[in-house]
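Just so it is clear, none of the values below were taken in a lab; they were calculated from the coordinates. Just so we're clear, the structure is a prediction, and the values are computed from it rather than from any experiment. Backbone-built Cβ (ideal geometry, glycine too); neighbour counts: all protein chains shown.
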Amino acid sequence: MRTLIVNCKNYPEVLGEGAVSLARAVSRVAEDGEVRAIIAPPTPFLGLVASKTGATVYSQDVDAVVGDKTTGATLPDAVRGAGATGTILNHSESKKAFGILSDLVPRLRGLEVCLCAGTSAEAAKLSKLGPTYVAIEPPELIGTGVAVSKARPSLVTDTITAVRDAGYRGRVLCGAGIVTGADVKKAVELGAEGVLVASSVVKAPDWNAKVRELADSLM
C-alpha cells in the first residue's frame, strides 16, 4: 500500500483546531483502504489530534535527550503517550548527526520511523538503521512548488537503487515541491512508494479536495 504523509510543520492554519480539521481530511482518504494516510501535526497538538480523530498520527521529530529532567524536550515516551504511532526524523529543517540518529532510532521501539535524506548517499546510509520509511527530500526544492519528481527525477531513481543496494527493504517516499496529483503520479512512475508533503496541503484552500487529489494519484 502506498503512503501519503502530511507534515503540518508549524503553519498558522494548523495551530489549534485546524490541526484536527486537517487530520479528519487525512483520515477520510485512509478509510478507503487504498492509501495509507498519515498526519504529523505540530507537537503541542499530538494528543488533541490523536484523541479527536481516527487519523494515523506521527510526531514531526523526537529529541535524543534522555531522562525526566529534560524540560521542553519531546521524548519517545511522550510521543507514544500522546497517541502517536510514529515520527519523522532528520527533516532538513531539523537535521541530526548520524551518530545521534543511530543511538536514537533503537529507542523508538513501538514507533514507526520516517527518516529524511537530502541525497541518495545519505538515504543509503540512513536506511541501514532500519526505518519504516526513507524519504528523499532535496532541501533546495522544499516549499518551492517545483516537484522533485519532475525537476530531479534521477535523484528519486538513484535513491531507490542506492537503498536497495544497501539491503533496505522498507518503503521509499519522495518529497519537496510535490503539489499536484501529476507530481505524485510521476513520483510513483519513478518507483516511489509514497510522498511526504507539507505546504501543498496545509496552504490549500480546500483540504479535503487536495488530500483526495494526492491520495487518488497514489493508487
Handout entry: Spacing of the two label points (7 Å from each Cα toward its C-beta) at residue 15 and residue 182, in nm
Key = 3.5 nm
Practice task
Report the full-extension gain for the segment residue 189 to residue 107: residue separation times 0.36 nm, less the Cα-Cα distance, to one decimal in nm.
Solution key: 26.0 nm
Exercise for the section: Using the charge dipole of the chain (Lys, Arg: +1 at Cβ; Asp, Glu: -1 at Cβ; taken about the Cα centre), state which of 119, 5, 92 has its Cα farthest towards the positive end. Expected result: 119
Exercise for the section: Give the percent of DSSP beta bridges with both residues in segment 2-218 that are antiparallel, rounded to the nearest 5. Expected result: 0 percent
Fill in the blank from the handout: The ³J(HN,Hα) series, computed from each phi in segment 117-122 with the Karplus coefficients 6.51, -1.76 and 1.60 at θ = phi - 60°, rounded to the nearest Hz and given as x for glycine or proline, is 9, x, 9, 5, 5, 5
Problem - Residue among 41, 76, 139 with the largest mean-square fluctuation in a Gaussian network model of the chain, springs linking Cα atoms under 10 Å - result: 139
Handout entry: Cα gyration tensor, the chain - rounded (a/c under 1.5), prolate or oblate
Key = oblate
Fill in the blank from the handout: Treating only Lys and Arg (+1) and Asp and Glu (-1) as charged, each at its beta carbon, one finds that the chain has a dipole about its Cα centre, in Debye to the nearest 20, of 220 debye
Completion exercise
Cross-link reach from residue 210 to lysines, straight Cα distance under 24 Å and at least 8 residues apart if same chain, gives 9, 52, 150, 185, 186
Fill in the blank from the handout: Asserting the computed 222 nm helical MRE of the chain (DSSP H runs at least 4 long, -39500 (n - 2.57) per run, divided by residue count, to nearest 500) equals -10500 deg cm²/dmol
Practice task
Name the residue farthest towards the positive end of the dipole of segment 2-218 from the options 57, 133, 199, assuming +1 on Cβ of Lys and Arg, -1 on Cβ of Asp and Glu, about the Cα centre.
Solution key: 133
Exercise for the section: State the extension gain, in nm to one decimal, for the chain segment bounded by residue 219 and residue 69, taking 0.36 nm per residue of separation less the distance between their alpha-carbons. Expected result: 49.4 nm
Practice task
Add +1 for every Lys or Arg and -1 for every Asp or Glu among the other residues with Cβ under 15 Å from the Cβ of residue 139, and state the total.
Solution key: 0
Handout entry: Alpha-carbon centroids, segment 58-97 and segment 103-162: separation in whole Å
Key = 18 Å
Exercise for the section: Let me know the Rg and Dmax you get for segment 116-168 when you use only its Cα atoms, in Å. Expected result: 10.9, 32
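Provide the net charge surrounding residue 46, with neighbours chosen by a C-beta distance below 15 Å and charges set as Lys +1, Arg +1, Asp -1, Glu -1.
-2
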